[in-house]
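Working notes for the structure below.
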Amino acid sequence: MWVPGAEGRQALAVAMAAAATLAVAMAARRWRRRPVREVLFFPSPPSCTEALLAEAAGTGAPAQPCPCPLPSSDCPLSRLLRRLLSARRSLDICLFAFSCPQLGLAVRLLHRRGVRVRVVTDAQYMGLRGSQIGLLRQAGIQVRHDQGQGYMHHKFAIVDRRMLITGSLNWTTQAIQSNRENVLVVEDAEYAKLYLDEFERIWEEYNPTNYKFVSQGQ
Ligand SMILES: [Zn+2]
């Protein structure tokens, strides 16, 4: 058996220390998550999001397999849901139309979890059949809308003031399942701030205390 001398032992110790330092540096690099950069293209194939939403609800109950025949595979809708459900502190949503029940449920789950949710929407579209806006309001979520001067046509959301979700997609089942749409998901402080500033402007403009009521006959 080879027994290293004093010099050999020292060289071995130095080599081992260097290897350990390298391993720590590599682990740290893996740990430092790369910012999200994702594009989702719709339509999304019909899929079951029950398991995903049940997991997010955290009911602790054993996951009952959903009886529906749809696959619960990865798809643009499930990816969008996951991005939204990653919210820990705030979710600010600006949407022309919002009728997708899965996305509505996800937003209510976040509100229940203590995430501060604010929703801006279009006055003419929020009352349409299947709109989620009434359910959001019933759940205690703050919703504000325009006062009829053109459409509130934005479709964007900001998660935790850091992740921007924007594109052509209205959160409607029709758009998700049938339309060609794009959604950009980007973790970028500058873009998130620009959209957040605009959100705050709109939020204040649509504050009910600023409504201008026009009385008849004047
Ligand atoms: Zn299902």
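Quick note: the coordinates plus some simple rules give every number you see, no bench work behind them. Values in this document were obtained by computation on a predicted structure and should not be read as measured data. Cβ sites come from the backbone with ideal geometry, for glycine too, and all protein chains shown count toward neighbours.
A few comments on the model shown:
- For region 1-101: rounded, prolate or oblate by the Cα gyration tensor [a/c cutoff 1.5]: prolate
- Percent of beta bridges antiparallel (DSSP, the chain, rounded to nearest 5): 65
- Debye, to nearest 20: dipole size of region 8-91, +1 on Lys, Arg Cβ, -1 on Asp, Glu Cβ: 640
- Sorting the Cα pairs of the chain by distance into bins of 5 Å, from 0 upward, gives 1, 6, 12, 15, 16, 13, 9, 5, 4, 4, 3, 3, 3, 2, 2, 1, 1, 0, 0, 0, 0, 0 percent per bin.
- Each 5 Å bin from zero up to the one holding the largest Cα-Cα distance in region 109-185 carries the following percent of pairs: 3, 13, 21, 25, 24, 12, 2.
- The chain, relative contact order [Cα under 8 Å, separation at least 6], %: 23
- Among THR173, THR209, the ranking by other beta carbons within 10 Å of each residue's beta carbon, starting with the fewest, stands as THR209, THR173.
- Ranking of ARG89, ARG34, ARG162 by count of other Cβ atoms within 10 Å, fewest first: ARG34, ARG89, ARG162
- Using a Förster distance of 30 Å, the FRET efficiency for LEU128-GLU190 (Cβ separation, nearest 0.05): 0.30
- Spin-label model distance (nm) - ARG89 vs ASP160, 7 Å beyond Cα toward Cβ: 0.9
- Karplus-derived 3J(HN,Hα), 6.51/-1.76/1.60, for each residue of region 190-199, Hz, glycine and proline x: 5, 5, 4, 5, 4, 6, 5, 4, 5, 4
- Only Lys, Arg, Asp and Glu carry charge here, each on its Cβ (+1 for the first two, -1 for the last two); on that basis the chain has a dipole of about 440 debye about its Cα centre.
- Taking the charge dipole of the chain about its Cα centre, with +1 at Lys and Arg Cβ atoms and -1 at Asp and Glu Cβ atoms, the residue from GLY127, MET163, SER86 reaching farthest to the positive side is SER86.
- For region 84-149, size of Cβ-based charge dipole, Lys and Arg +1, Asp and Glu -1, in debye: 380
- Within the listed set ALA13, ALA28, ALA192, the residue fluctuating most in the Gaussian network model of the chain (springs between alpha-carbon atoms under 10 angstrom) is ALA13.
- Between ASP74 and LEU135, the modelled labels are 2.7 nm apart [label points 7 Å from Cα along Cα→Cβ].
- Taking amide H atoms as placed 1.01 Å from N in the peptide plane, the amide H of TRP171 lies under 5 Å from those of ALA97, SER99, each 5 or more residues away in sequence or on another chain.
- Sum of -39500 (n - 2.57) over DSSP H runs of 4+, divided by residues of the chain (222 nm, nearest 500): -12000 deg cm²/dmol
- Note on the chain: GNM, Cα springs under 10 Å; of ALA18, ALA51, ALA157, the largest mean-square fluctuation is that of ALA18.
- Order of TRP171, TRP31 - criterion: other Cβ atoms within 10 Å of each residue's Cβ, fewest first: TRP31, TRP171
- Options TRP31, LEU70, LEU194, ranked by Cα towards positive dipole end of the chain, top entry (Cβ charges): TRP31
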